[in-house]
């Protein structure tokens, strides 16, 4: 199937569900879908500053195309200086029942990542946010390898069963859209480091935050 640019948006996106908004949204938003997808199940939200990220983002988009699960849309938010605001804008216009966030420089570890993440989140209604293991990429530079080894919470091991964990994080996670909206979305007043706040709010709403088995980036 041929990938197509479904819609382009610019200017401020209203985000009425957001508990902690910050200013007007910036940059542009592109929604990409296959021509035959009218009601995507997953909305993949990817904030990016320059839409290339030194070649990592184009590589990521190619990996997404190779996924076994194809009923998705990609929402690419470019040049919003607030990551949380960018994600909230993506969720606001998303059509999918499930929101998946990707950092723009990750490498997907399996071709069935989307399929498996969706399977688990649908099977366990008590899960509000699910992430995957984060390992050091094979092609990582010396600086990235050193940073991921030395900085706390930059890497996490592959697990063999669903584990309640703080290691579920924005670089690759899936959240039911209705739960994301219920908790008020991302805190836009936090410029970076969004994970602690969102996980706190999801847990306060009575849902689990977990890492899924055998999946990695």
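The values are calculated or read from the model by the stated rules, or taken from the named source; none is laboratory data. Just so we're clear, the structure is a prediction, and the values are computed from it rather than from any experiment. Glycine also receives a Cβ, built like all others from the backbone with ideal geometry; neighbour counts cover every protein chain displayed.
Total residues in segment 107-132 satisfying the condition of being over 21 Å from residue 38 (Cα atoms) and surrounded by 22 or more Cβ atoms within 10 Å (Cβ to Cβ): the figure is 9. Residues in segment 157-178: is at least one modelled with pLDDT of 95 or more and in a helix (DSSP H, G or I)? Scanning segment 157-178 turns up at least one residue that is modelled with pLDDT of 95 or more and in a helix (DSSP H, G or I). In a residue-by-residue description of segment 112-122, the property of being at pLDDT below 95, under 20 Å from residue 200 (Cβ atoms) and outside any strand (DSSP E or B) applies to no position.
Of all residues in segment 18-40, those satisfying the criterion of being in contact with a helix residue (DSSP H, G or I) (Cβ under 7 Å, 6 or more places away or on another chain) and part of a loop (DSSP other than H, G, I, E, B) are 18, 22, 25.
You will find that of 8, 38, the residue that is modelled with pLDDT under 95 and touching a strand residue (DSSP E or B) at 6+ places or on another chain (Cβ under 6 Å) is 8 and no other.
The residues of segment 81-94 that are surrounded by 24 or more Cβ atoms within 10 Å (Cβ to Cβ) and more than 15 Å from residue 187 (Cβ to Cβ) amount to a single one, 90. Taken as a whole, the condition of being within 19 Å of residue 188 (Cα to Cα) and in contact (Cβ under 8 Å) with a residue 24 or more places away in the chain does not apply to residue 37. If you go through segment 11-23 and keep only what is under 17 Å from residue 48 (Cα atoms) and surrounded by 12 or more Cβ atoms within 10 Å (Cβ to Cβ), you end up with just 13.
Residue check: is residue 90 under 22 Å from residue 118 (Cβ atoms), assigned to a loop (DSSP other than H, G, I, E, B), in contact with a strand residue (DSSP E or B) (Cβ under 6 Å, 6 or more places away or on another chain) and in contact (Cβ under 8 Å) with a residue 24 or more places away in the chain? Answer is no for this residue. Residue count for segment 168-193, restricted to those that are buried (at least 20 other Cβ atoms within 10 Å of the Cβ) and within 17 Å of residue 155 (Cα to Cα): 5.
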